[in-house]
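Right, one structure below, let's go through it.
What follows draws every value from the coordinates through simple rules; no lab data is involved. These numbers were taken from a predicted model, which means no experiment stands behind them. Every residue, glycine as well, gets a Cβ built from its backbone with ideal geometry; the counts of neighbours run over all protein chains shown.
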Amino acid sequence: MKIAIIGPGAMGLFFAARLQESGQEVWLLDYRPERTAHLKQHALRLITLDGEDRDYYLNVVYEAHAIGPCDLTLVTVKAHQTEAAAAQLPLLMADGGVALTLQNGIGNLETMAAVVGPERLLAGVTTLGVTLLEIGRIRHAGQGPVLIGRPPGALVTDETLRLIVEVFRGAGLDCRETADIMAAVWDKLLINVGINSVTALTRLRNGQLLIAPEAWRVASAAVQEAWQTALASGVKPSPEPLSRMRQVCQATANNRSSMLQDVLAKRQTEIDAINGQIVRLGITLQVATPINALLTDLIKALELGLVSGATNVISE
Ligand code: PAF
């Protein structure tokens, strides 16, 4: 299968390495020329779960024209880069080709559908742990399933969906097809709503949320609002989101959440696709979401200082 991956972050690189190793033709599309140059000249080093170093020479390009039509396009960019990634899809999707988003948050599917329509889109959710150590070096930090399914409006055939699941399995990944992918997307979203912004603001590691009652209270209130929003929108996530959040905090106790990592690296966060989407949906569905609105505003204010260096404009 010819596969394009838009976004060589930790997850994109990991999937590229494993899929290429299993015999698929994989192409990575980057949007940062200096990183493309680095990845072209150097092997990607993947530190496996057993602590072994493995090197991979990947096909990395800067322009979608250099790849051409593919059977499968994975979108693994940060949520705020989805619009730019979606603009590449017409060049990358062969007739009958499929695009699969494996991103955090919600709203990514709609952005992609605005360019190529919903018919050939798939959604996926992964709880795999992969950490970017530096350009060209990643660590596989935790196992977790990859769930794939058809979102509303998708007309991807059973045969194609199964073939894609088999391709992931062939790469040694625990990939499963799910009938209700939107419930799975929301299951993950509800966890991200609680953990990500609160850890980014407090700089606590995930496990520390369990021993900081004030932080836990805020995270829980945000999740409760998101849960009400999910129900009002007709989605059916798994019950007891707070006990699931507790389990995730325990299972990933030493991890810094992806949003805390973004803040520490002075990168734009995915707040708009996580708590921000809860606020937007809450307005439409008339569900009150004051905690999510506050968390979104605080992270945006934090980003302003970190990303644009706005802290420096305050001078004597
Ligand atoms: O975004 C993240 O960091 C992860 O989805 C999670 C589950 C919160 C663990 O850190």
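By the scheme Lys and Arg +1, Asp and Glu -1, what is the net charge of all other residues having a beta-carbon under 15 Å from that of residue 231? Kindly include the intermediate steps, with their values, before the conclusion.
Values: positive: 236; negative: 180, 187, 225, 240.
Computed value for this residue: -3.
Could you please report the charge total around residue 209, scoring K, R as +1 and D, E as -1 over all other residues with beta-carbon less than 11 angstrom from its beta-carbon?
Here the count lands on +2.
Sort 47, 299 by Cβ crowding within 10 Å, fewest neighbours at the top.
47, 299
Of the residues 232, 288, 301, which exhibits the maximal mean-square fluctuation in a Gaussian network model of the chain defined by a 10 Å Cα contact cut-off?
301
Could you give P(r) for segment 182-314, binned at 10 Å from zero, as whole percent values over all Cα-Cα pairs?
Using 10 Å bins, I get a P(r) of 14, 44, 33, 9, 1 for segment 182-314.
May I ask you to list the aspartates and glutamates whose Cα is less than 18 Å away from that of residue 300, ignoring any residue fewer than eight positions away on the same chain?
Within the straight-line limit of under 18 Å, residue 300 reaches these aspartates and glutamates: 262, 270, 272.
Over the Cα atoms of segment 2-179, each weighted equally, I'd like the Debye log10 I(q)/I(0) at q = 0.09, 0.17 Å⁻¹, rounded to two decimals.
Result of the Debye calculation: -0.27, -1.05.
Over the alpha-carbon set of the chain, work out the extent along each principal axis and list the three values in angstrom, largest first.
Taking max minus min along each principal axis of the Cα atoms, the chain gives 49, 48, 40 Å.
Angle, helix 275-285 long axis vs. longest principal axis of the chain, Cα atoms, 0 to 90°, nearest 10?
Helix 275-285 sits roughly 80 degrees off the main axis of the chain.
What angle, in degrees between 0 and 90 and rounded to the nearest 10, separates the Cα long axis of helix 10-21 from the longest principal axis of the Cα atoms of the chain?
It works out to around 30 degrees.
Taking neighbour counts of Cβ atoms within 10 Å as a proxy for exposure, in what order, fewest first, do 65, 80 appear?
The fewest-first ordering by Cβ neighbours comes to 65, 80.
Dipole of segment 191-316, Cα-centred, from +1 at each Lys and Arg C-beta and -1 at each Asp and Glu C-beta, to the nearest 20 debye? If you can, show how the numbers build up before the last one.
Working: 11 positive and 9 negative charges, 71 e Å.
Dipole of segment 191-316, to the nearest 20 debye: 340 debye.
So for the pair residue 55, residue 300, with labels modelled 7 Å out along Cα→Cβ, what separation do we get in nm?
With each label placed 7 Å out from Cα toward Cβ, I get 4.7 nm.
Just want to confirm a number: the relative contact order over the chain, from Cα pairs under 8 angstrom separated by 6+ residues, in percent. Working shown, then result.
Details: 590 pairs, mean separation 44.2, N = 316.
Taking the mean separation of contacting Cα pairs over the length of the chain, I get 14 percent.
With a 10 Å Cβ neighbour count serving as the proxy for reagent exposure, in which order, fewest first, do 249, 175 appear?
Going from least to most buried by this count: 175, 249.
Which FRET efficiency value, to the nearest 0.05, is calculated for residue 242 and residue 307 with the Förster distance at 35 angstrom and r the Cβ-Cβ distance? Present the calculation step by step, with values, prior to reporting the outcome.
Working: r = 31 Å, r/R0 = 0.90.
Between residue 242 and residue 307 the formula returns 0.65.
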